[in-house]
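The values are calculated or read from the model by the stated rules, or taken from the named source; none is laboratory data. Just so we're clear, the structure is a prediction, and the values are computed from it rather than from any experiment. Ideal geometry is used to build each Cβ from the backbone, glycine not excepted, and the neighbour counts take in all protein chains shown.
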Amino acid sequence: ARRHFEEADAYEQAGQFENARRECELAIQLAPTWAEAHNLYGIILEELGQEGEALAAYREAVRLDPTFRNPRESGGGRG
């Protein structure tokens, strides 16, 4: 899951949002309770113009980890 997450993060930063989405979906399939992956998925979906689905992903991140008070600003675990 970590490898797919890192690939998704790199694709997102490079502006390759469809590739990022695919990798992030794989990360979530392998680790469905990983809040950071859901957060990154929200960022990617927002970049793709899918605001409703992005909001759902952010909410899932918060549900899984209440410390995600502002998921968008957490940067998907980047730092």
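For region 12-30, give me each residue that is in contact with a helix residue (DSSP H, G or I) (Cβ under 6 Å, 6 or more places away or on another chain) and assigned to a loop (DSSP other than H, G, I, E, B). Break it down into steps so the answer makes sense when it comes.
Start the filter on region 12-30 by keeping residues that are in contact with a helix residue (DSSP H, G or I) (Cβ under 6 Å, 6 or more places away or on another chain), which leaves 12, 17, 19-21, 23-24, 26-28.
Those that are in contact with a helix residue (DSSP H, G or I) (Cβ under 6 Å, 6 or more places away or on another chain) and assigned to a loop (DSSP other than H, G, I, E, B): none in region 12-30.
Against the conditions (1) buried (at least 16 other Cβ atoms within 10 Å of the Cβ); (2) farther than 20 Å from ALA56 by Cα, where does ASP9 fall short? Just the number, please.
(2)
If you scan region 33-79, which residues turn out to be among the aromatic types (Phe, Trp, Tyr) and either at pLDDT 95 or above or part of a helix (DSSP H, G or I) (or both)?
Of the residues in region 33-79, the ones among the aromatic types (Phe, Trp, Tyr) are 34, 41, 58, 68.
Within region 33-79, TRP34, TYR41, TYR58 qualify.
Being of a type in the set (Asp, Glu) and in contact (Cβ under 8 Å) with a residue 40 or more places away in the chain is the filter here, so list the residues in region 1-31 that pass it. Full working, then the answer.
Let us first name the residues in region 1-31 that are of a type in the set (Asp, Glu), namely 6-7, 9, 12, 18, 23, 25.
Hits for region 1-31 are ASP9, GLU12.
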